[in-house]
Amino acid sequence: MEIFAIILFGVIFIAILRGYPVAFTLAGVSILFGIGISIFAPEYFTFNDFKLLAPRIMGTMKNYVLMAVPLFIFMGIMLEKSGLAESLLETMAMLFGSLKGGLAISVVFVGSLLAASTGIVGATVVTMGLISLPTMLKRGYQAELATGTICASGTLGQIIPPSIVLVLLADTISSNSKASNVDVGTMFTAALLPGILLVIAYIIYIFIYANLKKGVAPSIHAEEIKAFKGKGFAGRVIKAFLLPLVLIITVLGSIFAGIASPTEAAAVGAMGAILLTVIQGKFSFKILKDVLYQTSHLTSMVFMILLGATTFTLVFRMLGGDDYLVQLITSSNLSPMLFLFLVMLAIFIAGFFIDFIEIIFIIVPVVTPIFDAFGVDMLWVGVLIALNLQTSFLTPPFGFSLFYLKGVAPKNIQTKQIYKGIIPFILIQLIFLVLIVLYPQIIYIFV
């Protein structure tokens, strides 16, 4: 019986790698397997077992925590339309302009603020690519450094709360684990310091590289900085920083202080994004319609994959797949750390080929019971998985940040330049992942 479950997992994984739609592959293959086994081996699975699917699907659709997903998506897309990123980047560029690599450092800093405001990688990368890449190239920046900085900064939305990845991870882990300390609010709190430290690591790398290698990231001319810092400079700085900071503090502060649940804070953030767009003078019903359309599209995609994953999990568990894997791993005398290494390696490799949502809904439910059997803290594992998934946006051939940037980059920017540019940032992320493995207390400082 357990062999059927492993074959099911393998068939689905291969089908997804071959490019079949994820949601329909998960659900379709699982249902076909269930029907086939109910006909030829009814002692293992019967057609009546599918009766358990309807309450599972309804439980998913009525999940209060998952209501935060469309709200955070709406907030991120609306902020993209507000024009805040442009004013932020312009202000930061002049503040750090006298440094070599100052403009790239500004991109990282603005990327982190957008990550804490939006949590959507695509919106951040496209916005930063349109605004900052032409400016960086015009000022003589090395194409590899410029593109790598933008792609890496865009992925900060994966680990810095509020993050769609953290919401989905927390819900998936809590649904499949006995752990009581994994919820969205706790996951946000645990991921906050690693996210901040990763931003600092990016900035340190850019500063060192720009100063060691001459000409790759020149500073802005002093006359230009002086002209920008003329009349009304203080007001522009306050306006550029105040609006996004108010939103960040309102959303994250209400969660960390226990005033609001993540779903309630997401609703406040969505309303706040509308108000900021109005204040910036960019709001219109055409923009609202466009934002609602994109939000519906992305939300539908996420939930279709989630429902497909629910179907897969039901059939996989009814066939005893999770019990078999737990027994197999525990009887093989693998240490918890070695198993953690294998899971991290599998997720990293999978990130080359499939999307983070697919990894969360396919791999995480399978490995969570095994970590439970080992007694490993799933909050720590969740943050490690989130950091690991961040690399999936950067690793070719299917790194989505690379596609997003290539789509808005000038025609003279080659794909190989983007690929070369992200290598140092991937290495930084992997080093940082090892650091959190060796010093897990980092994630508990704010918890």
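Every read-out reported here was derived from the displayed coordinates using simple, explicitly stated rules and does not represent laboratory data. This one's a predicted model, so the numbers in the text were calculated from it and none came from an experiment. Methodologically, a virtual Cβ is constructed for each residue, glycine included, from the backbone with ideal geometry; neighbour enumeration extends over all protein chains shown.
Helical content alone sets the calculated 222 nm signal of the chain at -24500 deg cm²/dmol, taking -39,500 (n - 2.57) per DSSP H segment of four or more residues and averaging over every residue. Start at zero, step by 10 Å, and the Cα-Cα distances of region 195-320 spread as 9, 18, 26, 25, 15, 4, 2, 0 percent across the bins. Ordering 131-137, 74-80 by mean Cβ neighbour count within 10 Å, with the highest value first, yields 74-80, 131-137.
With only Lys, Arg, Asp and Glu charged, each at its Cβ (+1 for the first two, -1 for the last two), find how big the charge dipole of region 172-242 is about the Cα centre; round to the nearest 20 debye. Kindly include the intermediate steps, with their values, before the conclusion.
Numbers: 8 positive and 3 negative charges, 60 e Å.
The dipole of region 172-242 has a size of about 280 debye.
Per-residue counts of other Cβ atoms within 10 Å, averaged by peptide: what ranking do you get for 103-111, 359-367, 198-206, highest first? It would help to have the intermediate numbers written out before the result.
Working: 103-111: 27.1, 359-367: 22.2, 198-206: 20.1.
Top of the packing list down: 103-111, 359-367, 198-206.
When the C-alpha to C-alpha distance is required to be over 24 Å, the pairs from 214/416; 62/286; 100/138; 100/420 that qualify are 62/286. Only one residue of 42, 107, 19 has its Cα farthest out toward the positive end of the dipole of the chain, where Lys and Arg carry +1 and Asp and Glu -1 on Cβ, and that residue is 107.
Since only 79, 283, 359 are under comparison, the one whose Cα sits farthest along the positive direction of the charge dipole of the chain, derived from C-beta charges on Lys, Arg, Asp and Glu, is 283. Sorting the segments 259-272, 379-392, 306-319 by their mean number of nearby beta carbons within 10 angstrom, highest to lowest, gives 379-392, 306-319, 259-272. Summing charges over neighbours of residue 34, with a neighbour being any other residue whose Cβ is under 13 Å away from its Cβ, gives +1 when K and R count +1 and D and E count -1. Given R0 = 35 Å, the distance between the Cβ atoms of residue 40 and residue 334 translates into a calculated FRET efficiency of 0.55.
Directionally averaged projected area (region 2-444, Cα convex hull): 22.1 nm².
Please get the size of the charge dipole for region 2-444, origin at its Cα centre, with Cβ charges of +1 on Lys and Arg and -1 on Asp and Glu, quoted in debye to the nearest 20. Numbers along the way, then the final one.
Numbers: 24 positive and 19 negative charges, 356 e Å.
Value, rounded to 20: 1700 debye.
For the chain, the longest principal axis of the C-alpha atoms and the axis of helix 378-391 are separated by about 60°. Our note on the geometry: Cα centres of region 396-417 and region 17-91, 28 Å apart. Given q = 0.12, 0.17, 0.20, 0.25 Å⁻¹, what are the Debye log10 I(q)/I(0) values for region 352-408, with equal point scatterers placed on the Cα positions and solvent ignored? Per q value, in the given order, log10 I(q)/I(0) is -0.35, -0.61, -0.76, -0.98. The mean of 1/r over all pairs of different alpha-carbon atoms in region 243-386, once inverted, gives a Kirkwood hydrodynamic radius of 18.6 Å.
Counted by Cβ distance under 14 Å from residue 415, the other residues give a net charge of +3, where Lys and Arg count +1 and Asp and Glu count -1. Computed about the Cα centre, the dipole magnitude for region 54-179 is approximately 220 debye when only Lys and Arg (+1) and Asp and Glu (-1) carry charge, each at its Cβ.
Using the scaling law 2.2 N^0.38 Å as the reference, what is the normalised Cα Rg of region 243-303? Don't jump to the answer; show the numbers that get you there.
Details: Rg = 13.2 Å, N = 61, 2.2 N^0.38 = 10.5 Å.
Here the Cα radius of gyration is 1.26 times the empirical estimate.
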